[in-house]
Amino acid sequence: MSAASPRLQVHGHFDPATWTVTYVVHNGPGTPAAIIDSVLDYDPKSGRTRTVSADAVIAYVKANDLKVEWILETHAHADHLSAAPYLKKQLGGRIGIGGRITQVQKVFKAIFNLEPEFRLDGSQFDHLFQEGEKFRIGELEAEVLYVPGHTPACAAYHVGDAVFVGDTLFMPDVGTARCDFPGGDAKTLYASTRKILSLPPETRLFMCHDYPPAGRAVRFESTVAEQRAHNIHVNDGISEQQFVDMRAQRDATLEMPNLILPSVQVNIRAGELPPAEPNGVRYLKIPVNAL
């Protein structure tokens with residue numbers, strides 16, 4: 001699926017296994033591009049990885065002769081592994097994430113009892129973005145918006161007339177992300193949603209996921225106006241306290257995502273697998289009774 005404005009072009013690749021959308025953002029064939037929120041296929045039963053989803057993104061990039069400058073993460077995802085290192089090897093570009101990733105690294109280094117050499121300074125990434133930082137994707141100007149609440153490190157990317165919101169918002173009939181992960185906070189997420197929804201009403205919003213209700217096809221593009229009018233969790237008629245109460249009740253009923261344990265310990269490493277042990281094998285840890 002694709003969407004376009006006269007300048008900004010957005011191609012969304014939907015991964016049905018994780019309900020994730022990876023975006024390629026560019027200014028037309030032959031121009032610089034950014035890839036946002038990539039997916040490395042992972043089979044939890046076998047522990048094997050594949051690159052089917054990432055290869056589809058690579059095929060689009062090559063078919064349009066795009067020059068990848070950035071491989072961006074909106075946060076350290078808990079529902080899929082990032083393919084950022086694989087994409088960087090195949091296409092080039094710099095891996096970027098919000099600077100508060102260091103807070104998430106600190107929490108999960110303790111939970112997973114990671115190796116002493118694992119650094120808590122975000123140096124696994126090529127660039128740590130600060131709130132309000134501006135950067136370029138070729139001729140396109142982008143700005144970083146900190147939108148914590150789902151996690152402390154969530155960031156959105158405002159490019160042209162579009163914002164890539166990560167897990168801050170879902171489609172209006174799905175609502176918003178959970179806030180019960182370590183460092184999450186419903187009051188903070190409410191403020192982050194209002195930050196996004198204070199943008200001009202015609203601003204296009206691109207979701208990182210879609211979990212469509214029965215009978216609706218997958219969609220992942222909305223607008224500020226649509227969200228303010230119809231989002232079931234944060235429309236203009238819902239107060240902060242109503243939102244906080246709703247999230248507390250709803251989050252208490254939710255199971256952990258299927259891939260949270262492998263995903264987080266890979267994604268805080270900018271998508272790299274843990275270092276190989278002396279036998280040459282890389283291992284992912286399963287902490288018992290820790291989450």
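FYI, it's all coordinate maths here, none of it is from the lab. For clarity, every value in this text was computed on a predicted model and none was experimentally measured. No Cβ is skipped: glycine too gets one built from the backbone with ideal geometry, and neighbour counts run over all protein chains shown.
Quick notes on this structure:
- Two-site label geometry, Ile232 and Lys134: point separation in nm, points 7 Å out along Cα→Cβ: 4.0 nm
- Order of Tyr211, Tyr23 under a 10 Å beta carbon neighbour criterion, fewest first: Tyr211, Tyr23
- Whole-angstrom gap from the range 223-291 to the range 184-208, using each part's C-alpha centre: 17 Å
- Förster radius 30 Å - calculated FRET efficiency between Asp173 and Glu272, Cβ distance, rounded to 0.05: 0.25
- Residues Ile137, Ile111 arranged by fewest to most Cβ contacts within 10 Å: Ile111, Ile137
- Assuming charge only on the beta carbon of Lys and Arg (+1) and of Asp and Glu (-1), the dipole of the chain about its Cα centre is about 360 debye to the nearest 20.
- Measuring how big the chain is from its alpha-carbon positions, Rg and Dmax come out at 18.1, 58 Å.
- For the pair Arg216 and Asp161 in one chain, pulling the backbone fully straight at 0.36 nm per residue adds 17.2 nm over the alpha carbon distance.
- The count of lysine pairs in the range 2-259 that are at least 8 places apart or cross chains, and whose C-alpha atoms lie under 25 Å apart, stands at 11.
- Once the Cα-Cα distance is subtracted from the 0.36 nm per residue extended length, the Gln241 to Leu254 segment shows a gain of 2.7 nm.
- Annotation: amide H-H contacts under 5 Å for Phe129 (H modelled 1.01 Å from N, sequence separation of 5 or more, or interchain): Ile97, Gly98, Gly99.
- For the chain, the share of DSSP beta bridges that are antiparallel, to the nearest 5, is 70%.
- Largest GNM mean-square fluctuation across Met171, Met207, Met256, computed for the chain with C-alpha springs under 10 Å, falls on Met256.
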